[in-house]
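These notes concern the structure reproduced below.
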Amino acid sequence: MIDARITCALSASVSAPAFSLDVHLQAAPGITAIFGPEGAGKTLLFELITGLRQPTQGRILLNDEILFDAGAGVNLPTTRRSIGYVFETNCLLPHLSLKENLRLAASVLPAREGARRVVEILERFDLMDLAPRSPAQLSAVEHRVGMLAQSLVRNPRALLVDAIPFGWEQNLRTRLLSVLREFALEARLPVVLATRDLNDCFEAASAMLVMQHGKFLQSGSPAEICRKPVSLAVAELLGQDLLIPAEITFLDPQNKRSRLLIFGAEVPGPYFSGRFKGSRMTLCVAPSAVLASPLPGESVLPGRIPVTLHRAVLRPHDIRLHFAEGATVDVPAAEPSELQPGRRWHLEIPESSMRAL
Amino acid sequence: MDAWTPIWTTLRVGLAATLIAVPLGLVFAWLAAHWRFRFQRLVEALILLPLLIPGPVFGYCILMAFTTTGPFGFATRYGIGSPVLFSETVAVLAAVIYTAPFVALLATRAFRDIQPAYFKLVAVLGIAEWRAFWHVALPLASKPLTAIAVVALARAIGEFGILLVFAPSLAGRAATLPWALFYGIYSPGDVSKALLWFAASTTLALLLLAIAARIRGMGRML
């Protein structure tokens, strides 16, 4: 179990603007995913936890052992923390073969156990054939798996993985994630995976944290977070839902209803407590809940929102419609005449799917 | 003195000095590149001092330290003084003092050129600092370091500033090439020997530079 409550303030330098990180990370055995865009501070966080950098303030505990405590002046050096860290870049030692790289990592264990562990890991990750090759002779994927193997060889007490690179095919990702999950379960290992890919979170993570600008915006299970993003920033980062600007034109607290102005049309909506008439907000709507149909004539049916088609993208199983007002909706099928840019459509958003952010 | 003795002496002294100065210089370079400790700047300045202070001044300080009234004067009473100071050992010592800082200076650059990611990697794997030196720094900088060692040999051979102070008492016991040249110039009739030694010195230096240039990494070193 990792428990890290730390802050780190970096002053501006030639290569980077000022950055401040303030998080409380709790990672139980199993995979915890940290989801965030580039520059969110995921790598910095990992460097702080492993001791490569020192936090300004705070405390880091690993299974109740204090690794760092600013107040008490404790700062265990990196070499003694026993936390595996798979970097974002591939850097197995180039002058050693894959097997020698693993042997070097295992040298912190007693000799016989180290040798046994190296063989065990090579088999587990299916790297036996690649063992005598030097890193330069490995493909990017093999190199990455080798790095993961190297960090697991010596039985670390926790593992930090800085992203599975973008270029990987889905089945490779899935395989790697399932191996990680197995390890995490067997060894009761807290694994923290930094990722920019939401699929990784769904595939493997039991807990998820959304990170931006050095802070955690939301935590929970991946499904919870995606169903109910807690703020506009989170919803934007997740990119799962439609974000539609709306203005409240009428509020009826007794009947729990309201009327909203969306893209120039007034539609009924649920009651939003804590808001007033005239306030603007962003509605967060699951794309699958929105119904889009082409406008038969010029007239607009009540309760529907008229929009103008900007572009239609034909996909294998549906058609993605991009509207000029900024909404994107998928429809199962449509006539070619309805897909002309400039064609008028209307959207129907069920009240039950409207969430205000 | 025959013409060839100084040449062999020079090679012997130079080689011995290089074998000592290079590891010493590498250790200094490693400490400078990777450790942060108090008074670090002061220690670095001390290590670089021999490069900046004229050789004879250094030699004079060493001599004074070993006289009976100096801080190491007790050593003379135990017989460590004169035999050491006026023999080949002092030539080797002088060459080490002259060369080790040079190696440290160049090797620091070579170590700093290694990608920091590798050091982070071994730190995270739990490998202690000195093992990181052995397993990462030395192998990854091996080309530039070999070139540096070759040039260090050339430099050790050329040392004379410190030795000059001890030279009068050496009386040929540690007649390195520079010593022989220096005294050769002042004795009439030794012009041919002097020319031979000049040619030998220059050839040796050029040969070593050529070897260093063939080892890739020379460009980065300089």
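The values are calculated or read from the model by the stated rules, or taken from the named source; none is laboratory data. Small disclaimer: the values here were computed from a predicted structure and weren't measured. Methodologically, a virtual Cβ is constructed for each residue, glycine included, from the backbone with ideal geometry; neighbour enumeration extends over all protein chains shown. Quick note on the areas: whole protein, heavy atoms, side chains included, nothing else; ligands and nucleic acids left out. Shrake-Rupley method; radii C 1.70, N 1.55, O 1.52, S 1.80 Å.
Overview of results
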item	result
Any hit, the stretch A:342-354, residues being under 21 Å from A:Val234 (Cα atoms) and either among the small types (Gly, Ala, Ser) or open to solvent by 40 Å² or more (accessible area, probe 1.4 Å) (or both)	yes
Given (1) surrounded by fewer than 16 Cβ atoms within 10 Å (Cβ to Cβ); (2) over 21 Å from A:Val145 (Cα atoms); (3) within 14 Å of chain B (Cβ to nearest Cβ), index of the condition A:Thr78 fails	(1)
Pair list, Cβ under 6 Å, 6 or more apart: the stretch A:1-17 residue of a type outside the set (A, V, I, L, M, F, W, C), other residue modelled with pLDDT of 85 or more and open to solvent by less than 40 Å² (accessible area, probe 1.4 Å)	A:Asp3/A:Leu61; A:Arg5/A:Gly58; A:Thr7/A:Gly58
Filter pass, A:Ile66 being crowded, with 16+ Cβ neighbours inside 10 Å and at pLDDT 90 or above	no
The stretch B:115-131 residues that are more than 7 Å from chain A (Cβ to nearest Cβ), paired with ones that are open to solvent by less than 20 Å² (accessible area, probe 1.4 Å) (beta carbon under 7 Å, 6 or more apart)	B:Phe119/B:Ala132; B:Phe119/B:Val136; B:Val122/B:Ala132; B:Val122/B:Val136
Any hit, the stretch A:299-306, residues being open to solvent by 50 Å² or more (accessible area, probe 1.4 Å), among the small types (Gly, Ala, Ser) and either touching a residue at least 40 places away in the same chain (Cβ under 8 Å) or within 23 Å of A:Gln240 (Cβ to Cβ) (or both)	no
Subset of the stretch A:25-61 that is touching a helix residue (DSSP H, G or I) at 6+ places or on another chain (Cβ under 9 Å) and within 14 Å of chain B (Cβ to nearest Cβ) - its residue that is farthest from A:Ile164 (Cα to Cα)	A:Gln54
